[in-house]
1. Pick out the one residue from 102, 148, 141 that is modelled with pLDDT of 80 or more, within 30 Å of residue 74 (Cα to Cα), out of contact with any helix residue (DSSP H, G or I) (no Cβ under 9 Å at 6 or more places or on another chain) and surrounded by 10 or more Cβ atoms within 10 Å (Cβ to Cβ).
2. Return the pair list, or none, for Cβ contacts closer than 6 Å from residues in the stretch 171-192 that are on the phi < 0 side of the Ramachandran plot to residues that are modelled with pLDDT of 95 or more and assigned to a helix (DSSP H, G or I), at least 6 apart or on different chains.
3. So, in the stretch 194-220, of the ones that are surrounded by 11 or more Cβ atoms within 10 Å (Cβ to Cβ) and part of a loop (DSSP other than H, G, I, E, B), which residue ends up modelled with the lowest pLDDT?
4. Consider residue 74 against the criteria (1) touching a residue at least 24 places away in the same chain (Cβ under 8 Å); (2) within 30 Å of residue 21 (Cβ to Cβ): it satisfies all of them except one. Which criterion is unmet?
5. Which one of these does residue 95 not meet: (1) free of Cβ contacts under 8 Å to residues at least 12 places away in the same chain; (2) loosely packed, with under 10 Cβ neighbours inside 10 Å; (3) not assigned by TED's automatic domain parsing to the domain that holds residue 26?
6. Suppose the filter is under 39 Å from the mean Cα position of the chain (by Cα), surrounded by 13 or more Cβ atoms within 10 Å (Cβ to Cβ) and in a helix (DSSP H, G or I); does residue 57 pass it?
(Lines give C-alpha, C1' and ligand atoms only; values in the text may rest on other atoms or scores of the structure.)
Protein backbone atom coordinates (compact mmCIF):
# COMPACT_ATOMS: atom_id res chain seq x y z
CA UNK A 1 0.00 0.00 0.00
CA UNK A 2 2.79 2.45 0.86
CA UNK A 3 4.55 1.66 -2.42
CA UNK A 4 1.36 2.31 -4.36
CA UNK A 5 0.88 5.66 -2.60
CA UNK A 6 4.44 6.69 -3.54
CA UNK A 7 3.90 5.67 -7.17
CA UNK A 8 0.55 7.43 -7.31
CA UNK A 9 2.03 10.60 -5.86
CA UNK A 10 4.87 10.48 -8.38
CA UNK A 11 2.44 9.90 -11.20
CA UNK A 12 0.23 12.84 -10.31
CA UNK A 13 3.11 15.16 -9.59
CA UNK A 14 4.36 14.71 -13.15
CA UNK A 15 2.89 17.22 -15.57
CA UNK A 16 0.60 15.63 -18.15
CA UNK A 17 1.48 16.35 -21.72
CA UNK A 18 -0.89 14.33 -23.91
CA UNK A 19 -4.68 14.95 -24.08
CA UNK A 20 -5.41 11.42 -22.87
CA UNK A 21 -3.37 12.00 -19.70
CA UNK A 22 -5.20 15.29 -19.10
CA UNK A 23 -8.51 13.48 -19.53
CA UNK A 24 -7.57 10.80 -16.98
CA UNK A 25 -6.32 13.39 -14.49
CA UNK A 26 -9.58 15.34 -14.79
CA UNK A 27 -11.60 12.21 -13.95
CA UNK A 28 -9.27 11.47 -11.06
CA UNK A 29 -9.74 14.97 -9.61
CA UNK A 30 -13.53 14.62 -9.87
CA UNK A 31 -13.36 11.37 -7.89
CA UNK A 32 -11.17 13.04 -5.27
CA UNK A 33 -13.74 15.83 -4.88
CA UNK A 34 -16.52 13.25 -4.44
CA UNK A 35 -14.49 11.32 -1.84
CA UNK A 36 -13.72 14.55 0.05
CA UNK A 37 -17.42 15.44 0.08
CA UNK A 38 -18.32 12.01 1.48
CA UNK A 39 -15.66 12.39 4.18
CA UNK A 40 -17.03 15.82 5.09
CA UNK A 41 -20.57 14.38 5.37
CA UNK A 42 -19.24 11.65 7.66
CA UNK A 43 -17.82 14.27 10.07
CA UNK A 44 -14.14 14.43 9.15
CA UNK A 45 -12.46 17.83 9.27
CA UNK A 46 -9.15 16.83 7.67
CA UNK A 47 -7.53 13.79 6.09
CA UNK A 48 -4.08 12.78 4.96
CA UNK A 49 -3.32 12.78 1.27
CA UNK A 50 -2.39 9.08 1.28
CA UNK A 51 -5.77 8.17 2.83
CA UNK A 52 -7.67 10.24 0.28
CA UNK A 53 -5.69 8.63 -2.54
CA UNK A 54 -6.44 5.16 -1.20
CA UNK A 55 -10.18 5.86 -0.94
CA UNK A 56 -10.17 7.39 -4.42
CA UNK A 57 -8.51 4.29 -5.85
CA UNK A 58 -11.05 2.06 -4.09
CA UNK A 59 -13.94 4.07 -5.51
CA UNK A 60 -12.45 4.03 -8.99
CA UNK A 61 -11.95 0.26 -8.84
CA UNK A 62 -15.54 -0.20 -7.62
CA UNK A 63 -16.96 1.90 -10.45
CA UNK A 64 -14.80 0.09 -13.01
CA UNK A 65 -16.03 -3.26 -11.74
CA UNK A 66 -19.65 -2.12 -12.00
CA UNK A 67 -19.12 -0.99 -15.59
CA UNK A 68 -17.34 -4.19 -16.56
CA UNK A 69 -20.02 -6.46 -15.11
CA UNK A 70 -22.83 -4.38 -16.64
CA UNK A 71 -21.15 -4.61 -20.04
CA UNK A 72 -20.79 -8.38 -19.64
CA UNK A 73 -24.48 -8.80 -18.77
CA UNK A 74 -25.40 -6.57 -21.70
CA UNK A 75 -23.36 -8.58 -24.21
CA UNK A 76 -24.69 -11.82 -22.73
CA UNK A 77 -28.18 -10.80 -23.86
CA UNK A 78 -26.98 -9.84 -27.37
CA UNK A 79 -27.05 -6.09 -26.78
CA UNK A 80 -24.36 -3.46 -27.16
CA UNK A 81 -25.48 -0.67 -24.79
CA UNK A 82 -26.00 -1.41 -21.05
CA UNK A 83 -29.33 -0.42 -19.50
CA UNK A 84 -30.51 0.30 -15.96
CA UNK A 85 -31.49 -3.33 -15.44
CA UNK A 86 -27.91 -4.41 -16.20
CA UNK A 87 -26.56 -2.00 -13.56
CA UNK A 88 -29.12 -3.22 -10.99
CA UNK A 89 -28.27 -6.88 -11.61
CA UNK A 90 -24.58 -5.99 -11.30
CA UNK A 91 -25.09 -4.25 -7.93
CA UNK A 92 -27.10 -7.21 -6.63
CA UNK A 93 -24.39 -9.60 -7.82
CA UNK A 94 -21.76 -7.53 -6.00
CA UNK A 95 -23.74 -7.76 -2.73
CA UNK A 96 -25.18 -4.22 -2.66
CA UNK A 97 -28.68 -3.59 -1.29
CA UNK A 98 -30.44 -1.74 -4.09
CA UNK A 99 -33.45 -0.77 -1.90
CA UNK A 100 -31.32 1.65 0.13
CA UNK A 101 -30.41 3.79 -2.88
CA UNK A 102 -33.57 6.02 -2.94
CA UNK A 103 -33.27 6.79 0.79
CA UNK A 104 -29.57 7.59 0.46
CA UNK A 105 -30.20 9.85 -2.55
CA UNK A 106 -32.81 11.90 -0.60
CA UNK A 107 -30.65 12.49 2.50
CA UNK A 108 -30.74 15.99 3.97
CA UNK A 109 -27.05 16.56 4.80
CA UNK A 110 -25.73 15.75 1.36
CA UNK A 111 -23.31 18.14 -0.31
CA UNK A 112 -23.91 19.38 -3.83
CA UNK A 113 -20.83 19.22 -6.03
CA UNK A 114 -20.53 21.54 -8.97
CA UNK A 115 -20.43 19.90 -12.33
CA UNK A 116 -16.88 19.38 -13.62
CA UNK A 117 -15.83 21.31 -16.71
CA UNK A 118 -16.58 19.53 -19.93
CA UNK A 119 -13.38 18.10 -21.38
CA UNK A 120 -13.21 16.85 -24.92
CA UNK A 121 -12.17 13.21 -25.22
CA UNK A 122 -8.80 12.55 -26.85
CA UNK A 123 -9.02 12.77 -30.60
CA UNK A 124 -7.61 9.83 -32.47
CA UNK A 125 -5.32 10.88 -35.31
CA UNK A 126 -6.81 10.51 -38.75
CA UNK A 127 -5.32 8.24 -41.33
CA UNK A 128 -3.71 9.36 -44.54
CA UNK A 129 -6.23 11.40 -46.52
CA UNK A 130 -6.24 10.85 -50.27
CA UNK A 131 -9.16 11.39 -52.59
CA UNK A 132 -12.80 11.66 -51.54
CA UNK A 133 -14.49 9.13 -49.29
CA UNK A 134 -17.21 7.13 -50.99
CA UNK A 135 -20.72 6.89 -49.63
CA UNK A 136 -23.02 3.89 -49.81
CA UNK A 137 -24.77 3.32 -53.13
CA UNK A 138 -28.59 3.00 -53.03
CA UNK A 139 -28.49 -0.81 -53.10
CA UNK A 140 -26.39 -1.02 -49.88
CA UNK A 141 -28.22 -0.49 -46.55
CA UNK A 142 -27.09 2.38 -44.35
CA UNK A 143 -26.27 0.22 -41.32
CA UNK A 144 -23.51 -1.51 -43.26
CA UNK A 145 -19.94 -0.44 -42.39
CA UNK A 146 -18.48 2.47 -44.30
CA UNK A 147 -16.00 2.12 -47.09
CA UNK A 148 -12.36 2.18 -46.03
CA UNK A 149 -10.23 5.25 -46.52
CA UNK A 150 -9.48 5.96 -50.18
CA UNK A 151 -5.74 5.63 -49.68
CA UNK A 152 -6.19 1.87 -49.16
CA UNK A 153 -7.39 1.21 -52.71
CA UNK A 154 -6.43 4.32 -54.74
CA UNK A 155 -3.03 4.22 -56.39
CA UNK A 156 -0.80 7.26 -55.96
CA UNK A 157 1.17 8.03 -59.12
CA UNK A 158 4.78 9.06 -58.74
CA UNK A 159 6.09 11.78 -61.01
CA UNK A 160 9.72 11.37 -60.01
CA UNK A 161 11.77 9.52 -62.57
CA UNK A 162 14.29 6.94 -61.38
CA UNK A 163 17.88 8.11 -61.20
CA UNK A 164 19.90 6.66 -64.07
CA UNK A 165 22.97 8.90 -64.04
CA UNK A 166 26.16 6.84 -63.94
CA UNK A 167 27.94 9.02 -61.40
CA UNK A 168 24.98 9.13 -59.00
CA UNK A 169 24.44 5.36 -59.23
CA UNK A 170 28.11 4.63 -58.56
CA UNK A 171 28.17 7.02 -55.59
CA UNK A 172 25.04 5.42 -54.17
CA UNK A 173 26.49 1.91 -54.59
CA UNK A 174 29.73 3.00 -52.92
CA UNK A 175 27.92 4.53 -49.93
CA UNK A 176 25.75 1.42 -49.53
CA UNK A 177 28.82 -0.80 -49.65
CA UNK A 178 30.60 1.35 -47.09
CA UNK A 179 27.56 1.30 -44.80
CA UNK A 180 27.27 -2.49 -45.08
CA UNK A 181 30.95 -3.01 -44.30
CA UNK A 182 30.74 -0.63 -41.35
CA UNK A 183 27.63 -2.37 -39.99
CA UNK A 184 29.23 -5.81 -40.33
CA UNK A 185 32.40 -4.58 -38.63
CA UNK A 186 30.42 -3.16 -35.72
CA UNK A 187 28.39 -6.35 -35.44
CA UNK A 188 31.51 -8.53 -35.30
CA UNK A 189 33.10 -6.13 -32.82
CA UNK A 190 30.06 -6.33 -30.53
CA UNK A 191 29.52 -10.07 -30.77
CA UNK A 192 33.11 -11.34 -30.78
CA UNK A 193 36.33 -10.67 -28.98
CA UNK A 194 37.78 -7.21 -29.45
CA UNK A 195 41.00 -5.35 -28.81
CA UNK A 196 41.24 -1.66 -27.99
CA UNK A 197 43.76 1.04 -28.73
CA UNK A 198 43.42 2.57 -25.27
CA UNK A 199 43.79 0.55 -22.09
CA UNK A 200 41.55 2.83 -20.02
CA UNK A 201 38.56 3.06 -22.38
CA UNK A 202 37.48 -0.27 -23.83
CA UNK A 203 34.47 0.99 -25.81
CA UNK A 204 36.40 3.54 -27.91
CA UNK A 205 37.74 2.30 -31.26
CA UNK A 206 37.12 -1.44 -30.78
CA UNK A 207 39.20 -3.64 -33.07
CA UNK A 208 38.36 -7.19 -34.08
CA UNK A 209 40.77 -9.47 -32.23
CA UNK A 210 43.09 -11.49 -34.40
CA UNK A 211 42.93 -15.22 -33.73
CA UNK A 212 46.45 -16.70 -33.72
CA UNK A 213 46.82 -20.10 -35.32
CA UNK A 214 49.32 -22.74 -34.35
CA UNK A 215 50.14 -23.55 -38.00
CA UNK A 216 49.96 -20.26 -39.92
CA UNK A 217 51.02 -21.73 -43.26
CA UNK A 218 48.27 -24.36 -43.26
CA UNK A 219 45.70 -22.04 -44.85
CA UNK A 220 48.06 -21.48 -47.80
CA UNK A 221 48.60 -25.22 -48.36
CA UNK A 222 45.00 -26.41 -48.05
CA UNK A 223 42.83 -25.82 -51.13
CA UNK A 224 39.90 -23.44 -51.01
CA UNK A 225 36.24 -24.47 -51.27
CA UNK A 226 36.12 -23.63 -54.99
CA UNK A 227 39.15 -25.81 -55.68
CA UNK A 228 37.65 -28.69 -53.69
CA UNK A 229 34.40 -28.36 -55.62
CA UNK A 230 36.22 -28.42 -58.96
CA UNK A 231 38.24 -31.46 -57.84
CA UNK A 232 35.04 -33.29 -56.84
CA UNK A 233 33.44 -32.51 -60.19
CA UNK A 234 36.48 -33.79 -62.13
CA UNK A 235 36.70 -36.93 -59.98
CA UNK A 236 33.01 -37.69 -60.49
CA UNK A 237 33.34 -37.26 -64.26
CA UNK A 238 36.38 -39.58 -64.31
CA UNK A 239 34.52 -42.19 -62.26
CA UNK A 240 31.59 -42.06 -64.69
CA UNK A 241 33.94 -42.62 -67.63
CA UNK A 242 35.58 -45.56 -65.84
CA UNK A 243 32.23 -47.19 -65.05
CA UNK A 244 31.14 -46.77 -68.68
CA UNK A 245 34.34 -48.44 -69.91
CA UNK A 246 33.96 -51.27 -67.37
CA UNK A 247 30.39 -51.90 -68.43
CA UNK A 248 31.46 -52.05 -72.07
CA UNK A 249 34.26 -54.50 -71.22
CA UNK A 250 31.86 -56.66 -69.19
CA UNK A 251 29.44 -56.82 -72.10
CA UNK A 252 32.24 -57.93 -74.39
CA UNK A 253 33.24 -60.69 -71.97
CA UNK A 254 29.73 -62.02 -71.55
CA UNK A 255 29.18 -62.08 -75.30
CA UNK A 256 32.21 -64.34 -75.75
CA UNK A 257 30.84 -67.92 -76.43
CA UNK A 258 34.13 -69.54 -75.44
CA UNK A 259 33.75 -68.41 -71.82
CA UNK A 260 32.81 -71.27 -69.50
CA UNK A 261 30.75 -69.92 -66.61
CA UNK A 262 30.37 -73.21 -64.81
CA UNK A 263 34.09 -73.98 -64.68
CA UNK A 264 35.09 -70.51 -63.52
CA UNK A 265 36.94 -70.51 -60.24
CA UNK A 266 35.61 -68.12 -57.53
CA UNK A 267 37.59 -66.86 -54.54
CA UNK A 268 36.90 -68.34 -51.08
CA UNK A 269 34.37 -65.64 -50.21
CA UNK A 270 32.34 -66.40 -53.28
CA UNK A 271 32.34 -62.74 -54.44
CA UNK A 272 34.09 -61.45 -57.48
CA UNK A 273 36.47 -58.62 -56.47
CA UNK A 274 35.69 -55.31 -58.11
CA UNK A 275 37.81 -52.27 -58.68
CA UNK A 276 35.12 -49.98 -57.16
CA UNK A 277 36.04 -50.96 -53.63
CA UNK A 278 39.62 -49.89 -54.20
CA UNK A 279 38.47 -46.65 -55.85
CA UNK A 280 36.33 -45.71 -52.84
CA UNK A 281 39.34 -45.98 -50.57
CA UNK A 282 41.22 -43.37 -52.56
CA UNK A 283 41.38 -39.87 -51.12
CA UNK A 284 40.36 -37.03 -53.43
CA UNK A 285 42.42 -34.40 -51.61
CA UNK A 286 45.99 -34.57 -52.97
CA UNK A 287 47.39 -33.11 -49.74
CA UNK A 288 45.90 -35.93 -47.63
CA UNK A 289 46.93 -38.88 -49.79
CA UNK A 290 49.65 -41.24 -48.50
CA UNK A 291 53.15 -40.47 -49.63
CA UNK A 292 54.50 -42.56 -52.49
CA UNK A 293 58.22 -43.18 -52.11
CA UNK A 294 60.16 -43.02 -55.31
CA UNK A 295 61.89 -46.17 -56.52
CA UNK A 296 65.62 -46.14 -55.90
CA UNK A 297 67.77 -48.02 -58.33
CA UNK A 298 70.59 -49.87 -56.74
CA UNK A 299 73.93 -49.66 -58.41
CA UNK A 300 75.35 -52.97 -59.40
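1. The match here is 148.
2. Close Cβ pairs (under 6 Å, with a partner that is modelled with pLDDT of 95 or more and assigned to a helix (DSSP H, G or I)) do not exist here.
3. The residue in question is 202.
4. The single condition residue 74 does not satisfy is (1).
5. Of everything listed in (1) free of Cβ contacts under 8 Å to residues at least 12 places away in the same chain; (2) loosely packed, with under 10 Cβ neighbours inside 10 Å; (3) not assigned by TED's automatic domain parsing to the domain that holds residue 26, residue 95 misses just condition (3).
6. Against the criterion (under 39 Å from the mean Cα position of the chain (by Cα), surrounded by 13 or more Cβ atoms within 10 Å (Cβ to Cβ) and in a helix (DSSP H, G or I)), residue 57 qualifies.
Every residue, every condition in (1) assigned to a helix (DSSP H, G or I); (2) loosely packed, with under 10 Cβ neighbours inside 10 Å; (3) touching a strand residue (DSSP E or B) at 6+ places or on another chain (Cβ under 7 Å), yes or no:
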| position | (1), (2), (3) |
| --- | --- |
| 74 | yes, no, no |
| 79 | no, no, no |
| 91 | yes, no, no |
| 112 | no, yes, no |
| 133 | no, no, no |
| 155 | no, yes, no |
| 162 | no, yes, no |
| 174 | yes, no, no |
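The values are calculated or read from the model by the stated rules, or taken from the named source; none is laboratory data. Predicted, not measured: the structure shown is a model, and the values here were computed from it. Reconstructed Cβ throughout: ideal geometry from the backbone, glycine too, with neighbour counts over all protein chains shown.
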